Each structure stands twice: as C-alpha cells, then as structure tokens.
Amino acid sequence: MNNIFVYCEVEGGVIADVSLELCTKGRKLADQLHCQLEAVVIGANLSGVEKQLYPYGVDVVNIADDPRLEPYTTLPHTSVMIQLIREEQPQIALMGATTIGRDLGPRVSSALHSGLTADCTSLEIGDHEDKKNEKVYKDLLYQIRPAFGGNIIATIVNPDCRPQMATVREGVMKKEILSKHYVGTVKNLEVSRYVNDSDFVVSVIERHMEKSKVNLKGSSIVITGGYGVGSREGFDQLFELASVIGAEVGASRAAVDAGFADHDRQIGQTGVTVRPKLYIAFGVSGQVQHVAGMQESSMIISVNNDPKAPINAIADYVIQGDVNDVVPKMIKYYKKNTK
Amino acid sequence: MNGFKIIVLAKQVPDTRNVGKDAMKEDGTVNRAALPAIFNPEDLNALEQALRIKEAHPGSTLTILTMGPGRAADIIREALFRGADDGFLLTDRAFAGSDTLATSYALAKAIEKIGRPDLIVCGRQAIDGDTAQVGPQVAEKLGFPQITYAEEVNIEGDVVRVKRRLERGIEIVKASLPLLITVNGSAPECRPRNARMVMRYKKATTLTERQSANEDYLRMYTSHPYLNIEEIGFKDLDANIDDCGLAGSPTKVKKIENVVFQAKESMVMPATDHHLDALMKELIINHTLG
Ligand SMILES: Cc1cc2nc3c(=O)[nH]c(=O)nc-3n(C[C@H](O)[C@H](O)[C@H](O)COP(=O)(O)OP(=O)(O)OC[C@H]3O[C@@H](n4cnc5c(N)ncnc54)[C@H](O)[C@@H]3O)c2cc1C
Ligand SMILES: Nc1ncnc2c1ncn2[C@@H]1O[C@H](COP(=O)(O)O)[C@@H](O)[C@H]1O
C-alpha cells in the first residue's frame, strides 16, 4: 500500500526511455520511503514486458493489455489510471513530461483532485511545516522545477492530496540498471473492469512517427552552436568538426529559432538534457534555460568572443575568440595530433 | 446545422520571454509589475483556430472566457477586435492563489454558467507556468473528451478531424462533439486586429472599468449592450468555496530560489594556433577526445 507508481509509455512492446529513467528515480525514492515501486503499462501485446522493467528495481508491474489500448488515446488510459490509483492508493505517481504524459497527467489529477507538478527537474523527499496551521508533514515529495521562464527555481509540495503527481522530461533523470537479477511480480488487470466503450470516442486514423536521427543523449561528446554561430553555413562547419572528433551537434534555442539548426537538436529546459563527457559551446551565451540542459557535463569548453558571457563561469576552458576562426583550427589541430 | 457554440479559454500572462534584470527583485522573487502583460501566445493560435471554425460554419458563436484580475479585460478586447462575439471575465478575490486545478475548477464552473458549448478551444500552455494542465483538467471536470497539441481542426457533419503535432511526428485523429481542443504554437498564427471590429468594440468595458472611469457610460450600454464585458464572480457560480483559490489548490509553493550556477575555476585562453594546438593535444592525451 501507498507505493510509488510510474506510468510507463510503451510502443510496439518497447518501454520508452523516459519511463525507465523514472523507474530508476522511483526506485531510489521507494528505498527512502520504505515502500514498493510499481510500474503501470497500458497497451497491446505486452506479454513479457515486465522483463524490461525488473532490472530497474520494479517490484510490481501492473499490465493492462488490450488491442484497443494502443496507440495511446486519452480516455481509456485515464480510466485505467484513475481506477487503479483509487484501488491501490499510491502516495506518488510519476509520468514522463512527454506529449502522452502531459495529456494524461492533468486529466488524472483533475479526476482525483490531486496536485500535479509539470516538468520537474529534480525530485526529493523531505519534510514540510505548515506554519499557519501548525502542522508538520513527514516525507513529502519535493517537486522542484524552474518557473517563470526558468528565471527562478520553485519547490512545490502537495501536503494533503494523494497521490503526489509529477511529470519529468526525457533525459532529466538518469537511467541506471539496479540489478540484472532483480525480479518482481506481474499483476494483469482485467481491462473491461477499467474502461468503458464510451472511452473510445477519439480514434487515431493516421500516424507518422519517425525515429529521431539525432542522438544527443547517447553521445559522449556534444558540440553546441548558439546564435553566435551566425548561420546554417556556420553549423555546417560544426558538423564537420563533429564528424572528425565523433560528436553529436546540439543547438541553443536562439540558434533553432533563427533557423540555423533543427528543433530536435535543441538543448536546455525546453529541449534535451545532456550530460556528456565533453561539451563544447560555440557562441552560446549561457542563459539559465540553456544551462539547465547541460550543466552536468563532465567537462565544458566555451568558445565565445565576449569574455563576460555567463557560460564562461561554468566552463573548464574558455577560448576567447571568433567561432569561425576557432572551429577550423580545432579540426586542424585534432587531425595533426592524432596522426 | 446551425453552427457551433465555441468557447475559447485565454489567459493574460506576464511576458516571461523578455525578462530583464529589473524583473527580479532583490529577494529573488518576480516583480510582476516590471513585465508587460500579454495575450498568452498559444491562446492566440487557439483563437485563430476557433475563428476559422466559426467562419466555416455560419451561425457559430465564439465566446472568450478569461480568469484573472481586472486588467485581463484587455485580453477580451483583443479577441473582440479579431472577431470574437462576446467575452466573460472571471474575477474574484476567492480565486486568488489558484493552482492549475483550482483554476480549472473555476473555469469549468464558469463554463457551466455561460452554457455548455459544443467546442472548447484552449492554448497548449501558458508561458508563465508552462504547465499545459488547465485544458485537460477543464475537460475532465466537464466530462468532455480532449485532443491536445492540435495544429489543424476540421469539422464535417458531426465528425471532427484534428492533426496533432507530437514530439516525434504527427497523428490524425477523429472525434465527435462536444470536445475540448488545445492548440499548439505550430498552428497558424492569429490574424491581426480587424479595423472595423476595433471601431465597434474599442469602448467595450466591464462594469468595474466603467465605474472607475468616472464617466456616465450607463446610457450608452443600454443602447449598445454588446459593449458590455460581463464579469463573473464566485457568487455567480454554483461552486464550492473550498475548491477555489488557495484552499482549493493541492500544490503549495514551499520555496522559491534564484538560479545560481556552480562557478568553476576556468582556464582562459586566446584563440591562437599555439593554444588550440596545446588544448587539442591535452584533450587527446587525457582521453577526453578520441
Ligand atoms: C520558457 C523558456 C524556455 C527556454 N528554453 C530554452 C532551451 O531549452 N534551450 C535554450 O538554449 N534556450 C532556451 N530559452 C532561451 C534562452 O533564454 C536564451 O534566449 C538562449 O539560450 C540564447 O541562445 P544563445 O546563447 O545561442 O544566444 P545569445 O544569447 O544571443 O548569445 C550568443 C552568444 O554568442 C556570442 N557570439 C556572437 N558572435 C560570436 C562569434 N562570432 N564568435 C564567438 N561568439 C560569438 C555572444 O557573445 C553571445 O554570448 C528559453 C527561454 C524561455 C523564456
Ligand atoms: N486563468 C485562465 N483563464 C483562461 N484560460 C486559462 C487560464 N489559465 C489557463 N488557461 C487556458 O489553459 C491553457 C493552458 O494553461 P496552463 O495549464 O497554465 O499552461 C492556456 O493556454 C489557456 O487556454
């Protein structure tokens, strides 16, 4: 009872990365709270799906398996979640801050009158004192997120309503296997007890999904172009450097908005979070929203012609100069020194 | 078909995209007064979709509903200037401190008071919180199905077809009315103000605005009732006070902090051949590169 739920997104029998990241985090929270970690998987053809989840420390896998439940539509998934939460009374329910999680989460929270915090960047357990009512709450979920366009960081708590719900973007939490041998149990839900025929009023008639060609999260070296790169041609140079040193190319929002790079390369609060071994920022000023997505990189190099660019403060190396001058030199001296 | 009854939910927000230094107070809280108040950008995309549906289906009406302080009446005027038929301002001390759940409760109650529509159109999210929660939460409270991330909406007969823009592609879905739709920023931009509508509605005001303007507009509003922006307060709703405002908000802000970065001791160098040669050598030797 009062466990932690993670809603797991699944497509074609494969659990989404963001869900595995949340299970990793959920395991740590469950240890702190001395409760169990439960996954909820809603979809079609799910036999064996639990094997993908156990290694992350999942104790119970709740499965709703029905051909009508994939692809995702709002109402049937909402109905399963609402009723399962009413039955099991989890204290915490986590979802990805994806197009699915942000469609489902608010609907579920509205029905259950439970608070929901979108886009958390950190989740912690802690106590809370309500000074006005002289009440102390033990072991609440601190839902930490940037607010006001990223200019402040707010810690949100839900003292009275359960479950405490939060969504988290892909890449924000780390995905880590707990043990290959961890084993939990499966609970198969009788789908007809959870969904009504009237839940199927919205139907998907066409889908065009593409696998992203950009693999920022999986790359150990990320080189990012900002507005200072100046043009698409400037980015072509970055791609050349990337292919020479084996890196993936990211972009700041200003560079994406200016059309220098595609949206799926954006790094930051409204893009991807990366934590590579080496991060090189070319012509990036380093506003909070950008830094939120890269500050955990092991080594940071900033190339900027403004000595006062904020990103320089968090960089290990600052190269003062023009991007257009530095990129070709990096290519040249990398080649020279690896020969 | 006699057209549809459409309600657009729009919010006035501080322009967080242009936060300057003076927008943050010494204590790290936001100085709202220093930020211009604007029509939430994606709510303009929502308004445009609603206007297109209205035009495609003669006889439709488009009502704008906003919850906020008195000055949020600006949003309603902006919508009237672009083709909305009328507007309601939901405003009351009882709603102060609402989180998204208490906001959606009040909006849902106001929608019931105005009369349940065929279609509710919202923006995907408001830039002051970036939560994207109010739309789906209103839908749940009213028992409406929802379609989020809409980019294109077409209604033929009683079938609604919506193109959705998702993270990794697009989806076309089919539904029927009643329905709540949230519109994505990638949908067409809103049309500009229409000069004729500006002439017609520039004097549209709420009762509170008329009272504080210290002018006798009373007569004019009896002859031109369309110039009245109706205010709705808590007492006009069939609502429970415990579900409103701070009391009705399960989420509480425990702490607000300024963003501080962990500054590192950095090695600063000019972009000379000599320095870059040495740096690349070092990165290769310590296996950061290669
Ligand atoms: C709600 C919200 C969410 C956001 N989310 C994100 C996000 O996810 N990711 C993101 O990146 N941003 C995000 N932003 C935008 C962010 O605030 C900044 O506007 C953006 O990161 C700035 O990008 P930039 O550093 O490339 O551009 P700028 O701030 O314009 O900086 C350009 C830099 O390049 C340098 N430069 C110029 N020319 C040269 C040259 N020839 N050689 C070397 N250096 C040069 C300049 O000195 C400057 O430091 C968000 C903003 C908001 C309000
Ligand atoms: N106070 C409000 N008044 C009217 N509509 C609102 C209000 N708050 C949110 N909305 C609607 O809900 C959408 C999502 O808002 P949010 O959940 O705050 O990101 C907005 O784009 C609006 O369409």
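The values are calculated or read from the model by the stated rules, or taken from the named source; none is laboratory data. Remember, it's a predicted structure, so these values are computed and weren't measured experimentally. With ideal geometry, Cβ positions are generated from the backbone for all residues, glycine too; neighbour counts draw on all protein chains shown.
Tabulated data
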| quantity | calculated |
| --- | --- |
| Residues satisfying the stated conditions in the range B:170-201, i.e. away from chain A (no Cβ under 14 Å) and not in a loop (DSSP other than H, G, I, E, B) | B:Ala195, B:Arg196, B:Met197, B:Val198, B:Met199, B:Arg200, B:Tyr201 |
| Qualifying residues in the range B:112-128 (those that are buried (at least 23 other Cβ atoms within 10 Å of the Cβ) and within 12 Å of ligand 2 (Cβ to nearest atom)) - the one farthest from the other protein chains (Cβ to nearest Cβ) | B:Val121 |
| Residue in the range A:269-277 that is surrounded by fewer than 17 Cβ atoms within 10 Å (Cβ to Cβ) and more than 30 Å from A:Asp17 (Cβ to Cβ) present | no |
| From A:Gly48, A:Gly57, residue being farther than 20 Å from A:Ile85 by Cα, at pLDDT 95 or above and touching a helix residue (DSSP H, G or I) at 6+ places or on another chain (Cβ under 8 Å) | A:Gly57 |
| Members of the range B:151-160 found to be surrounded by 13 or more Cβ atoms within 10 Å (Cβ to Cβ) and over 17 Å from B:Asn45 (Cα atoms), listed by number | B:Ile155, B:Val160 |
| Criterion violated by B:Glu167 - all others in (1) within 7 Å of chain A (Cβ to nearest Cβ); (2) without any contact (Cβ under 8 Å) to a residue 24 or more places away in the chain; (3) away from ligand 1 (no atom under 16 Å from the Cβ) satisfied | (3) |
| In the range A:132-143, residue farthest from the chain's Cα centre (by Cα) [restricted to those that are of a type outside the set (Ser, Thr, Tyr) and facing another protein chain (nearest Cβ under 10 Å)] | A:Leu140 |
| Restricting the range A:296-313 to residues that are more than 7 Å from every other protein chain (Cβ to nearest Cβ) and closer than 21 Å to A:Lys174 by Cβ, the residue that is surrounded by the most Cβ atoms within 10 Å (Cβ to Cβ) | A:Ile300 |
| Selection within the range A:248-264 - of a type outside the set (A, V, I, L, M), within 21 Å of the chain's Cα centre (by Cα) and more than 17 Å from B:Ser186 (Cβ to Cβ) | A:Glu248, A:Gly250, A:Ser252 |
| Strands (runs of 3 or more DSSP E) contained entirely in the range A:60-131, each with at least 1 residues that are surrounded by fewer than 20 Cβ atoms within 10 Å (Cβ to Cβ), facing another protein chain (nearest Cβ under 8 Å) and not hydrophobic (A, V, I, L, M, F, W, C) | A:122-130 |
| Members of the range A:314-335 that are more than 7 Å from every other protein chain (Cβ to nearest Cβ) and either of a type in the set (Val, Ile, Thr) or more than 14 Å from ligand 1 (Cβ to nearest atom) (or both) | A:Val323, A:Val327, A:Ile331, A:Lys332, A:Lys335 |
| Per-region count, the range A:233-256, residues farther than 24 Å from A:Val291 by Cβ and within 14 Å of another protein chain (Cβ to nearest Cβ) | 3 |
| Positions within the range A:132-166 being part of a loop (DSSP other than H, G, I, E, B) and either surrounded by 18 or more Cβ atoms within 10 Å (Cβ to Cβ) or touching a Phe, Trp or Tyr at 6+ places or on another chain (Cβ under 7 Å) (or both), in sequence order | A:Phe148, A:Gly149, A:Gly150, A:Asn151, A:Asn158, A:Pro159, A:Arg162, A:Pro163 |
| Residue count, the range A:268-289 (criterion: more than 6 Å from ligand 1 (Cβ to nearest atom) and either of a type in the set (Val, Ile, Thr) or within 13 Å of chain B (Cβ to nearest Cβ) (or both)) | 12 |
| The range A:2-19: number of residues that are in contact with a helix residue (DSSP H, G or I) (Cβ under 6 Å, 6 or more places away or on another chain) and of a type in the set (A, V, I, L, M, F, W, C) | 4 |
| Residue that is outside any strand (DSSP E or B), away from ligand 2 (no atom under 16 Å from the Cβ) and surrounded by 14 or more Cβ atoms within 10 Å (Cβ to Cβ), where the choices are A:Val204, A:Val172, A:Val183 | A:Val172 |
| Selection status of B:Ser98, crowded, with 24+ Cβ neighbours inside 10 Å and small (Gly, Ala, Ser) | no |
| Residue check, B:Ala56 of a type in the set (Gly, Ala, Ser) and in contact with a Gly (Cβ under 7 Å, 6 or more places away or on another chain) | no |
| Tally, over the range B:240-254, of residues that are in contact with a Gly (Cβ under 7 Å, 6 or more places away or on another chain) and either closer than 16 Å to A:Ala154 by Cβ or in contact (Cβ under 8 Å) with a residue 40 or more places away in the chain (or both) | 5 |
| Flag if A:Ala39 is surrounded by fewer than 24 Cβ atoms within 10 Å (Cβ to Cβ) and either in the same structural domain as A:Glu190 (by TED's automatic domain parsing) or closer than 20 Å to A:Tyr72 by Cα (or both) | no |
| Contacts under 8 angstrom Cβ, first residue in the range A:111-136 being among the basic types (Lys, Arg), partner not in a strand (DSSP E or B), 6 or more apart | A:Lys135/A:Pro159 |
| In the range B:132-160, the residues that are over 15 Å from the mean Cα position of the chain (by Cα), more than 8 Å from every other protein chain (Cβ to nearest Cβ) and not β-branched (Val, Ile, Thr) | B:Leu142, B:Gly143, B:Phe144, B:Glu151, B:Glu152, B:Asn154, B:Glu156, B:Gly157, B:Asp158 |
| Of all residues in the range A:253-267 being assigned to a helix (DSSP H, G or I) and among the aliphatic types (A, V, I, L, M), the one that is farthest from ligand 1 (Cβ to nearest atom) | A:Val256 |
| Restricting the range A:293-310 to residues that are near ligand 1 (Cβ under 7 Å from one of its atoms) and touching a Ser or Thr at 6+ places or on another chain (Cβ under 8 Å), the residue that is farthest from B:Leu279 (Cα to Cα) | A:Gly293 |
